[in-house]
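Peer 1: Dumping the structure here so I can ask a few things about it.
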Amino acid sequence: MAESTNNKLNVLMVGTGEYTTGFVNGSASTSDKKVGVIGLTMFDLRRRGKVGKIGIVGTNGKKLGAIREHLNKNIGEVYNMDTALDHTSPADDQVDPDAYKAAIDQYLSPGDAITVFTPDPTHFAIALYAIQRGIHVLVTKPAVKILSQHQELVEEADKHAVVVMVEHHKRFDPVYRDARAKALTFGEFNYYYSYMSQPKRQLDTFRAWAGKESDISYYLNSHHIDFHCWALEGKAVPYRVVASGSKGVATSAPFNLTENTEDTISLLVNWRSTATPGHEGVGVYTSSWIAPNKSEVHSQQRFHYLGAGGELNVDQAHRGYTVTNDVSGHGHINPFFMNYAPDEEGHFGGQTAYGYVSIEKFVDACQAVNAKRLTPTDLDQRSMPTIRNTVLVTAILEAGRISLDQNRAVEIAAAADGRYTLV
């Protein structure tokens, strides 16, 4: 097991894909995450003295040599940054879907941490294995696909007193944070609409799981559903979900994905005020992965919030910064999520971008809990995106999947013990 390096947090990154490394299908991603987010941030946090040892574990060790080369060339050489990995697994000639177990057991000690950026159905088993060994967990969204599993993780996190956070980075976008603060002054909630999309080429990026292991609602709607749940925390609860989906593009040439793959999914959710009898609101969350490949942004992202005393509109995709060149044409740029420009010394300089901040907040939380300056309950009470504070996101997402599969409305019922069930 790795020994603690002073107050530094040892981290094992579980998952070797786009968000962790920026490496997809044998080369750098063609998206806006060409060098990833998790790995780059952890390497920089190590440079800044917050992170100690860094490891990575996947399922296919045959990719790891190319990934190490990619990290060194596209991060190490660009930012004069140490991208050395203290542990990699499985071995470079092996394939092992359970490699994370041996890596956690051999590489980590209680109080260390993992990040989980793997296909949706694998989150639960990986997170549970780590939690039960006293390891802190940062899991990508959706945390899990099934409400009962989410609530089990809440109970296990409490039992083992570890930090379990969901990487809902929009909570750290200054525009979204300000919008939430204003929404809280609008009185009773009435209507919310969100839309988020990605270009068709992502169907190739996600071919291994799209339509088989998860859907576009779990992948994209999770962003704005969490924001809405966060904005209504303690004010209203969802109680009914009806979902609709469109098909035909993903299942046709050139993609030819499984016949169950929806192109676009909309969830219609009824919310009930917890403060004022008779007040109800409606949320509509729409996501798609068949947007044009030549769109001016990689991801359209926007929402509209209406309360009894005011309304607001957020267009996250268009921040007033455009770039036009001979290679990629015209595009709107969002350096507020991840700013990949080097600083004046040539190091990575994007520490204030909210994609980075969401990861640093997790590292800081783990260090504070390890030092007994905070407890995981304190993080719940601070409205951080903990596993406890994100239960309703999973409830809505699973209810939407059931609604699509069974062609019916699904009720979200709250029990006396605080648990939720889907009816």
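Peer 1: How far apart, in nm, are two points set 7 Å out from the Cα along the Cα-to-Cβ line at Glu213 and at Glu77?
Peer 2: 3.2
Peer 1: What label, among (1) 4, 17, 21, 19, 16, 11, 6, 3, 1, 0; (2) 5, 23, 33, 24, 11, 4, 0, 0; (3) 4, 22, 33, 28, 12, 2, 0, belongs to P(r) over Cα pairs in 10 Å bins from 0, in percent computed from the structure on display?
Peer 2: (3)
Peer 1: With each pseudo-label sitting 7 Å past Cα toward Cβ, what's the Lys62-Asp417 distance in nm, one decimal?
Peer 2: Spacing of the two 7 Å Cα→Cβ label points: 4.7 nm.
Peer 1: By the gyration tensor of its Cα atoms, with a ≥ b ≥ c the square roots of the eigenvalues, what is the shape of the range 149-225: rounded for a/c under 1.5, prolate for a/b over b/c, or oblate?
Peer 2: Note, shape of the range 149-225 comes out oblate.
Peer 1: Only helical DSSP H runs with n ≥ 4 go in: add -39500 (n - 2.57) per run for the chain, normalise by residue count and round the 222 nm mean residue ellipticity to 500 deg cm²/dmol.
Peer 2: The helix contribution divided over the chain gives -8000 deg cm²/dmol.
Peer 1: Can you sort Leu9, Leu147 so the residue with the fewest Cβ neighbours within 10 Å comes first?
Peer 2: Leu147, Leu9
Peer 1: To make sure I understand the rule: partners must be lysines, Cα under 26 Å from the Cα of Lys50, and not fewer than 8 residues away in the same chain. Which ones qualify?
Peer 2: Of all the lysines, those that pass the test against Lys50 - Cα under 26 Å, at least 8 places apart if same chain - are Lys8, Lys33, Lys34, Lys73, Lys101, Lys141, Lys170, Lys361, Lys372.
Peer 1: Show me the ranking of peptides 306-313, 171-178, 16-23 by mean Cβ neighbours inside 10 Å, starting with the highest.
Peer 2: Ranking, from highest mean packing down: 16-23, 171-178, 306-313.
Peer 1: OK, next. Arrange the following residues from fewest to most other Cβ atoms within 10 Å of their Cβ: Lys62, Lys159, Lys50.
Peer 2: Fewest-to-most Cβ neighbours within 10 Å comes out as Lys159, Lys62, Lys50.
Peer 1: While we're on this one: What's the center-to-center distance, using Cα atoms, between the range 274-315 and the range 161-215 in Å?
Peer 2: One Cα centre to the other: 10 Å.
Peer 1: OK, next. Please work out the C-alpha center-to-center distance from the range 344-423 to the range 30-105 and express it in whole Å.
Peer 2: Centre-to-centre distance over Cα atoms comes out at 24 Å.
Peer 1: Taking the number of other C-beta atoms within 10 Å as the exposure measure, put Ser109, Ser197 in order starting with the fewest.
Peer 2: Fewest to most other Cβ atoms nearby, the residues stand as Ser109, Ser197.
Peer 1: Just subtract the alpha-carbon distance of Gln94 and Ala409 from 0.36 nm times their residue separation and send over the number in nm, one decimal.
Peer 2: 108.9 nm
Peer 1: Between Glu155 and His347, what is the label-point separation in nm under the 7 Å Cα-to-beta-carbon projection?
Peer 2: Distance between label points: 4.5 nm.
Peer 1: Using 0.36 nm times the number of residues separating Val175 and Asn313, minus their current alpha carbon distance, what extension gain do you get?
Peer 2: 48.6 nm is the gain from fully extending Val175 to Asn313.
Peer 1: Among Arg319, Arg401, Arg201, which one shows the biggest mean-square fluctuation in a GNM of the chain, springs joining Cα atoms closer than 10 Å?
Peer 2: Between Arg319, Arg401, Arg201, it is Arg319 that shows the largest mean-square fluctuation.
Just so you know, all these numbers are worked out from the coordinates, no wet-lab data involved. Just so you know, these numbers come straight off a predicted model, no measurement behind them. Positions of Cβ are generated from backbone atoms using ideal geometry, with glycine treated the same way; all protein chains shown enter the neighbour counts.
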